[in-house]
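Inspection log for the structure reproduced underneath, given as structure tokens.
The values are calculated or read from the model by the stated rules, or taken from the named source; none is laboratory data. All values reported here derive from a predicted model rather than from experimental measurement. Backbone-built Cβ (ideal geometry, glycine too); neighbour counts: all protein chains shown.
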Amino acid sequence: MTAWLVYLAAKAKRVGEGYDDNPSTHYSWDSRVPNASHVKVGDTIVLWDGETLLGLSVIEDIATGSDTKDLSWCPKCGKADINARVTMTPKYRCWNKKCKAEFDIPGGKTVAVTTYRARYEAGWIDLRGHVTDKELRALCEEPKSQNALRRLRWDDFRARVETGKNATSLNVADNRRKVIAGGHKTRTVRVRNGQASFRADLLDQFGEVCAFLGPMPAAALEAAHLYSYAASGKHHTHGGLLLRRDVHRLFDLGQIAIDPSTLTLDIAPSTRAYPDYDKLHGQPLAIVLNKAHQKWITEHWAMHR
């Protein structure tokens, strides 16, 4: 099993850098990046911003394409460590400590590159601040590497995250890896088999009620599993709730969870930034659950919280 520590800068530091990235859903790079072609579907991707751990997931898909890239370098030392200054002149300055040249026109050329865009939102685990930059570097196969894509010693990293302060289970990553290994076609067939009858059973159990938001038309309700159905391929009688599509998606991603000790909603900090979801935090469920439901809720909580 291969894991990668990947660097996600909030703002590109070098001229010509910068990608369309969102840490919890997708990550982009090109063929100029070392290890670019070695990252594969099913690999674990661990993101950091140079200062702290952000989170991790399992790569579901990698889209490739073709593009061009402008390369710039210092005309004095020939290195690419230059950045553009907004207010100072000359406009450019070399970051190389042995050079530090200042100039208005950098050296440069345009080259063809292969682009890569990894998607991994379904299994995202938010771990912001759980591991320091110093620890992350030490957990790489090559601790002194400066590459944006670095091989990570997964077993050691996992032991660090799952023990000690802020210990967090990474079982959800294992589940995602199994689903991805099974292939999209197999997963699609499984989701369809028995889904209609499963939803009908939930409507009989709960009526036309979203478990998080209350009564609403049946047409707006989806059958949500309290467990990783795609990995198990089985519908459990007391393993589901009726949810509106948006909260269903957030529940699947762990952005909404149910605290098993209070049976109240727990909204992830990133989702609480949106008022409509923030007001749900701490609210009781709109339905009554039995012990079988609570078993699955406890497992969902363990995976995501």
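Meeting the requirement of 3 or more residues that are surrounded by 13 or more Cβ atoms within 10 Å (Cβ to Cβ) and modelled with pLDDT under 85, no strands (runs of 3 or more DSSP E) wholly within segment 192-305 can be named.
Scanning segment 45-79 for residues that are surrounded by fewer than 19 Cβ atoms within 10 Å (Cβ to Cβ), touching a residue at least 24 places away in the same chain (Cβ under 8 Å) and within 14 Å of residue 96 (Cα to Cα) yields 75, 76, 77, 78. When only residues in segment 210-224 that are touching a helix residue (DSSP H, G or I) at 6+ places or on another chain (Cβ under 9 Å) and aliphatic (A, V, I, L, M) count, which is nearest to residue 285 (Cα to Cα)? Restricting to residues being touching a helix residue (DSSP H, G or I) at 6+ places or on another chain (Cβ under 9 Å) and aliphatic (A, V, I, L, M), the top hit is 211.
Conditions (1) without any contact (Cβ under 8 Å) to a residue 40 or more places away in the chain; (2) under 18 Å from residue 9 (Cα atoms); (3) outside any loop (DSSP other than H, G, I, E, B); (4) of a type in the set (Val, Ile, Thr), marked per residue:
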position: 29; (1), (2), (3), (4): no, yes, yes, no
position: 40; (1), (2), (3), (4): yes, no, no, no
position: 98; (1), (2), (3), (4): yes, no, no, no
position: 110; (1), (2), (3), (4): no, no, yes, yes
position: 113; (1), (2), (3), (4): no, no, yes, yes
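Looking at 141, 121, can you tell me which residue is more than 19 Å from residue 52 (Cβ to Cβ) and free of Cβ contacts under 8 Å to residues at least 60 places away in the same chain? Spell out how you get there, then give the answer.
Numbers: 121 fails: free of Cβ contacts under 8 Å to residues at least 60 places away in the same chain.
141 is the lone residue from the list that is more than 19 Å from residue 52 (Cβ to Cβ) and free of Cβ contacts under 8 Å to residues at least 60 places away in the same chain.
Kindly establish whether residue 176 is in contact with a Gly (Cβ under 6 Å, 6 or more places away or on another chain) and at pLDDT below 75. When the stated conditions are applied, residue 176 does not pass them.
Condition (residue is modelled with pLDDT under 85 and exposed (fewer than 15 other Cβ atoms within 10 Å of the Cβ)) applied to segment 157-165: is it met by at least one residue?
Kept after step one, since they are modelled with pLDDT under 85, are these residues of segment 157-165: 164-165.
Narrowing further to those that are exposed (fewer than 15 other Cβ atoms within 10 Å of the Cβ): 164-165.
Yes, segment 157-165 contains at least one residue that is modelled with pLDDT under 85 and exposed (fewer than 15 other Cβ atoms within 10 Å of the Cβ).
Pairing residues of segment 154-165 that are over 14 Å from residue 57 (Cα atoms) with residues that are surrounded by 11 or more Cβ atoms within 10 Å (Cβ to Cβ), at Cβ distances under 7 Å and at least 6 apart in sequence or on separate chains, gives 156/139; 160/131; 160/135; 160/139; 162/168; 162/169; 162/170.
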